[in-house]
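Heads up, the thing below is written out as structure tokens.
The values are calculated or read from the model by the stated rules, or taken from the named source; none is laboratory data. These numbers come from a predicted model, not from an experiment. Here the Cβ positions follow ideal geometry from the backbone for every residue, glycine too, while neighbour counts run over all protein chains shown.
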Amino acid sequence: MPPSPSLPTNSYAPIAVGSPGFSGSAPLGSLACPFCSCTGQAPPCCQCRETVPKSDVRSGADGAPGSSPAGGPLRSRSVTAVSVRVPAKVNLQLSVGPLRDDGYHDLVSVFHAVSLFDELSAEPNEELAVRVEGASAEEVPADGDNLAARAARLLAERIGVHPGVLLRIRKAIPVAGGMAGGSADAAAALVACDRLWNAGLEPGELAELGAAIGSDVPFALLGATAVGLGRGERLSPVPVKGRFHWVFALAEGGLSTPAVYAECDRLRAAHGEWIGAPQVSERLTTALANGDAKELGSALANDLQPAAIMLRPSLRRTLTASRDLGALGALVSGSGPTCAFLAESDAHALDLAAALSDAGVARSIARAYGPVPGATVL
């Protein structure tokens, strides 16, 4: 069997911190906003992001409590609470390369942020604490294993402050549903605590911290639509024309992402498949650029779908029902078990959602549109 390459080969240049970005753009720390032409220094401006002036960071003794990464005390702006809204994602393409020696896979993932949002608020507290409410809140850890808590702790270590913060999370993104809800909350915590503690980190610095928490966190910060390479954390924005309308079938319970990847590897080995380096689908990116929903629907692809169906056979019935009811495209979102269906228009999405609800093929049905911005201060 030929050795697996360390990186997939394709025409998309990944954005790495401090390196040229997509199509010769600036590094991620000064990336052009996907929604306008700005290249602001603190989070891209567009419709939703405010900047934190660098002048708010003062120099001083390196590593002292309450200091900036450069060492100085952080100037207080009397911020008492910060609220951030962060979207779910759907993988329009998820191509999984062969298993590497380090236990990971090279991926090509086309991420698409959609209008199912979690909201996170951060406020000063004596210690780090997490409170979760909303859909399936009881399934979300409220201790140190929570990804938002890990993000807050990591940021506090980076800037040299005590991680005294209360994180309140209101869930709407499905838990363990293949839509990166935990990673979204981690991204929201980075943005909220950066503002609360007046750290003023660049977007690229936040993305670097996010990648240390999980592969999907950098995209939750960026939003819109992007190709992810490596483990999915190296991002290149993808041009999109217009808006796409989605219906999501939310399943009862979740699926373990490691278990789905392991089942994918098992199925491939059982069938003797040789897997090459994954490639970006030009057909899919062209459909996005042209705003062609029908072509996009036929180009949706997920290499983890057979494994997810093997672990949750009821997903096959859900996918079949959506196609019978007129969805332009249907696939398991990420590692599942949420299923995503593309509609022709908002009205078509409404009709499809009603029909799927009547068919009784899911715990609940949700509608959304994309692309939308990433983690946004409210």
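Scan segment 251-289 for residues that are in a helix (DSSP H, G or I) and either among the hydroxyl-bearing types (Ser, Thr, Tyr) or under 23 Å from the mean Cα position of the chain (by Cα) (or both) and the total you get is 16.
Could you check, for segment 205-225, whether at least one of its residues is touching a strand residue (DSSP E or B) at 6+ places or on another chain (Cβ under 8 Å), modelled with pLDDT under 95 and not in a loop (DSSP other than H, G, I, E, B)? So far as segment 205-225 goes, no, none of its residues is touching a strand residue (DSSP E or B) at 6+ places or on another chain (Cβ under 8 Å), modelled with pLDDT under 95 and not in a loop (DSSP other than H, G, I, E, B). Residues of segment 258-266 include none that is of a type in the set (Ser, Thr, Tyr), more than 29 Å from ALA135 (Cβ to Cβ) and in contact (Cβ under 8 Å) with a residue 24 or more places away in the chain. Scanning segment 355-378 for residues that are surrounded by fewer than 16 Cβ atoms within 10 Å (Cβ to Cβ) and out of contact with any strand residue (DSSP E or B) (no Cβ under 6 Å at 6 or more places or on another chain) turns up ASP358, GLY360.
Note on segment 300-327: residues that are of a type outside the set (Val, Ile, Thr) and free of Cβ contacts under 8 Å to residues at least 24 places away in the same chain amount to 5. If you go through segment 109-145 and keep only what is closer than 21 Å to SER335 by Cβ, of a type in the set (S, T, N, Q) and not in a loop (DSSP other than H, G, I, E, B), you end up with just SER109.
Does VAL175 meet the test of being under 23 Å from ALA366 (Cβ atoms), in a loop (DSSP other than H, G, I, E, B) and either modelled with pLDDT under 95 or assigned by TED's automatic domain parsing to the domain that holds GLU202 (or both)? Step through it out loud before you land on a result.
Working: under 23 Å from ALA366 (Cβ atoms): yes; in a loop (DSSP other than H, G, I, E, B): yes; either modelled with pLDDT under 95 or assigned by TED's automatic domain parsing to the domain that holds GLU202 (or both): yes.
Yes.
Evaluate the following for LEU352: is it under 22 Å from ALA226 (Cα atoms) and surrounded by 20 or more Cβ atoms within 10 Å (Cβ to Cβ)? Considered against the rule, which asks whether it is under 22 Å from ALA226 (Cα atoms) and surrounded by 20 or more Cβ atoms within 10 Å (Cβ to Cβ), LEU352 comes out as no.
Among the residues of segment 349-377, count how many are under 17 Å from LEU319 (Cα atoms) and not aliphatic (A, V, I, L, M). I'd like the intermediate steps shown before the answer.
Step one: filter segment 349-377 for residues under 17 Å from LEU319 (Cα atoms), giving 349, 351-367.
Those still in the list that are not aliphatic (A, V, I, L, M) too: 351, 357-358, 360, 363-364, 367.
Looking only at that region, the number is 7.
Annotation for segment 91-108: no member residue is surrounded by fewer than 24 Cβ atoms within 10 Å (Cβ to Cβ), part of a helix (DSSP H, G or I), acidic (Asp, Glu) and not assigned by TED's automatic domain parsing to the domain that holds ASN302. The criterion of being in the same structural domain as GLY253 (by TED's automatic domain parsing) and within 13 Å of ASN91 (Cβ to Cβ) holds for LEU304. For the structure I just gave you, tell me whether ALA122 is crowded, with 22+ Cβ neighbours inside 10 Å and over 30 Å from GLU282 (Cβ atoms). The answer is yes for ALA122.
When the residues of segment 146-172 are filtered to those that are touching a Phe, Trp or Tyr at 6+ places or on another chain (Cβ under 8 Å) and in a helix (DSSP H, G or I), the one that is surrounded by the most Cβ atoms within 10 Å (Cβ to Cβ) is LEU155.
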